[in-house]
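Participant: Got a structure here, written out as structure tokens. Questions coming.
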Amino acid sequence: MIMYTTMPLELVFENMDQTEKQSIREISMGAGVTMLVEPISSSEGKIVRLISPNPQDYLNPRYAPGQTISFQPEFN
Amino acid sequence: MPVDQDSNQRKKLTGDSNQEQQPAVTEEPMPDDAKKRVLDTITQLGQTNVPQLESNIYCLSIIGQVEGHIQLPPQNKTTKYEHLIPQLVAAEQNSKIEGVLVLLNTVGGDVEAGLAIAEMVASLTKPVVTLVLGGGHSIGVPIAVSGDYSFIAETATMTIHPIRLTGLVIGVPQTFEYLDKMQDRVVHFIARHSKITEEQFKDLMLRTGELTRDIGTNVIGADAVKYGLIDEVGGLGKALKKLNELIEKARNEERIVQ
């Protein structure tokens, strides 16, 4: 992998050993909506970032960052 | 009653469009608290019943680092390859999507992932307009030129510099060759998809005295247009207007074919 970036590589790769400890979870809501949530409990989380290609999703106040969202853990 | 609502929600999930779901919400008004409950419980599989406008534009935002094969540490804000590529496939396949708007504010990132995104965008059959806001540096440059038409905000910048390699090098000539080829892939792509020539781009890339930590150039707004890298200086309004024009043009062409 070659990084082609203006950011100094020592900044990019700082805390590389902590990558696994990330507490942010990624949940998908269907209809192309993915969000990064900070878990509060096993079925609740606070939205950190919304990832959706549909610009209208960003107007939905329920998807706004900072909102609490409940989800069901999925067992595969 | 709550059981019915759950099964109702599940039934709606099988419907394939939001338009079908909307009447269901308005036709049977629910008691206020029950309605609230349904809206509050968003399961990982489910959808909310919030009536939504459907957009015919797919919006791809590329922010922070373009992440490839290695997950970057948490202080990096990243755009993940695995998020973008399926989105682009969906955009190409979905008949309701008529155009794609790519918003860039990136510091660069993984060469392969960046080129993959750029190639995907370039090969879409639907009109694509790109808009560089803030910055579109390094591997952001090929992504910025990959659309049908590109815009750059007046204050936005693009850093053009060579690809670097750090760490242990085994076999200097081979590594040099490899890096040179890697660089060529980027330069060819940019020259093919914008009005800048390879010579001009390399000239910008190898300039000295303009960047403190590197060789290369930082082109700002109008300069990027002057060099032919970007088509026009403009913001969101201009970009959406252009995209709608291209969508209209594509519709007319389709009508002629039919």
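Coordinate-derived values only; no laboratory data. The structure presented is a predicted model; accordingly, all values stated were derived computationally and were not measured. Note that each Cβ is placed from the backbone with ideal geometry, even for glycine, and that neighbours are counted across all protein chains shown.
Participant: Name every residue in the stretch B:228-258 that is in contact with a Gly (Cβ under 9 Å, 6 or more places away or on another chain) and of a type in the set (G, A, S), in order of residue number.
Facilitator: Of everything in the stretch B:228-258, just one residue is in contact with a Gly (Cβ under 9 Å, 6 or more places away or on another chain) and of a type in the set (G, A, S), namely B:A250.
Participant: Here are B:V102, B:V89, B:V128: which of them is over 30 Å from A:F13 (Cβ atoms) and under 10 Å from the mean Cα position of the chain (by Cα)?
Facilitator: Just one listed residue meets the conditions, B:V128.
Participant: Also, quick follow-up: Within the stretch B:134-193, which residues are more than 22 Å from B:L243 (Cβ to Cβ) and in contact with a Lys or Arg (Cβ under 8 Å, 6 or more places away or on another chain)?
Facilitator: B:V187, the sole residue that qualifies.
Participant: For the condition under 20 Å from B:E119 (Cβ atoms), buried (at least 19 other Cβ atoms within 10 Å of the Cβ) and among the charged types (D, E, K, R), what is the one hit in B:D184, B:D148?
Facilitator: From the options B:D184, B:D148, the qualifying one is B:D148.
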